[in-house]
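The values are calculated or read from the model by the stated rules, or taken from the named source; none is laboratory data. Being a predicted model, the structure only gives us computed values, none of them experimental. So basically every Cβ, Gly included, is an ideal-geometry build from the backbone, and we count neighbours across all protein chains shown. Remember, those area values only see protein heavy atoms, side chains included, never the ligands or the DNA or RNA. Shrake-Rupley method; radii C 1.70, N 1.55, O 1.52, S 1.80 Å.
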Amino acid sequence: MISVCIATYNGEKYLKEQLDSILVQIKNDDEVIISDDGSTDETISLIKEYAKNDSRIKLYKGPGKGVIANFEFAITKSQGDFIFLADQDDVWLAEKVEVTLDYFGSHPKIDLVISDLIIVDEQLEEIEASYFDYRKVKVGFIQNIVKNKYIGAGMAFRKELKAKVIPIPNNVPMHDMWIGLIAAYEKKSALIPQKLTLYRRHNNNTSEIQSKASFIQQLKWRLVLIKALFIRLF
């Protein structure tokens with residue numbers, strides 16, 4: 001069984017495309033956990049319409065404390081052996097679930113994977129052919145503290161990792177960075193080179209490809225992160 005965790009907030013414009021791309025490739029006993037953080041558009045109505053016809057979709061009222069807490073809440077509700085994170089505005093390519101599960105099956109010591117993504121615009125036109133190449137993505141603990149490359153839109157992990165990453169400290173820079181680093185510390189993270197997601201960029205994205213925060217702010221975030229990691233890991 002797999003769980004797909006989506007954190008939504010005013011995502012009506014693109015959510016249908018994402019849900020359609022996910023539902024067509026998961027099984028009847030899988031689940032899509034959606035935690036909505038107080039949408040004021042038609043997001044909730046759209047989800048309820050899907051849920052009325054598809055019992056795999058489970059909608060929850062999120063904590064209303066931002067994207068990190070919203071994803072954390074969705075993860076806590078998951079029941080699957082494998083947990084996939086999904087952004088509300090992306091599109092999964094048709095082989096994403098199959099390729100990811102095959103990788104886990106052939107690499108039993110790996111707890112977390114990140115698959116490559118194609119960066120696209122609002123109309124799904126290609127901007128960059130490979131997120132991995134564009135960001136020079138590598139796994140590893142120290143290098144991803146210095147400059148994070150772990151991206152939730154391409155992330156999936158085994159249920160065993162959930163107990164190690166939850167709760168997610170509310171003052172870390174981002175949930176995907178935290179989850180990736182916990183797995184990386186134990187050398188249990190890996191990259192899947194196949195491009196399995198259309199990573200959509202538009203004016204209302206919650207996340208940034210390149211952080212616009214100042215050097216001082218980024219340094220403060222790293223210090224907070226290192227402290228939180230030390231407490232959790234040691």
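When the Cα atoms of the chain are aligned to their principal axes, the ranges along those axes come out at 45, 39, 34 Å in descending order. Each label was represented as a point 7 Å from its Cα along the Cα-to-Cβ direction; for Ala129 and Lys52 these points are 4.5 nm apart.
Legend: residue pairs Lys48/Lys195; Lys138/Lys187; Lys109/Lys227; Lys16/Lys65; Lys149/Lys187, Cα-Cα distance threshold 19 Å; pairs beyond threshold, Lys48/Lys195; Lys109/Lys227; Lys16/Lys65. Across the chain, the relative contact order, built from alpha-carbon pairs under 8 Å that are at least six residues apart, equals 22 percent.
Grab the eigenvalues of the alpha-carbon gyration tensor for region 42-99, scale each by 5, take roots, and send me the semi-axes largest first in whole angstrom.
Details: eigenvalues 74, 56, 33 Å².
Its equivalent ellipsoid spans semi-axes of 19, 17, 13 Å.
Spin-label pair Lys13-Ile145: with each label point 7 Å from Cα along the Cα-Cβ axis, the two points sit 3.8 nm from one another.
Taking every protein chain into account, the accessible area of the chain amounts to 49 square angstrom per residue (probe 1.4 Å).
Measure off, as a whole percent, the carbon and sulfur share of the 1.4 Å-probe accessible area of the chain, all protein chains present.
Values: 6120 of 11490 Å².
Carbon and sulfur: 53 percent of the exposed surface of the chain.
Note that region 1-134, at 20 °C in a medium of 1.002 mPa s, gets a Stokes-Einstein diffusion coefficient of 138 µm²/s from its Kirkwood radius over C-alpha pairs. If both residues of a DSSP beta bridge must be in the chain, then about 30% of such bridges are antiparallel. Calculated FRET efficiency, Glu186 to Tyr60, Cβ-Cβ distance, R0 = 22 Å: about 0.15 to the nearest 0.05. Sequence-ordered 3J(HN,Hα) estimates for region 136-148 from the Karplus curve with 6.51, -1.76 and 1.60 and θ = phi - 60° stand at 6, 6, 9, 7, x, 7, 5, 5, 8, 6, 5, 8, 5 Hz, glycine and proline given as x.
Based on alpha-carbon atoms, the Kirkwood radius and the radius of gyration of region 109-234 give Rg/Rh equal to 0.96.
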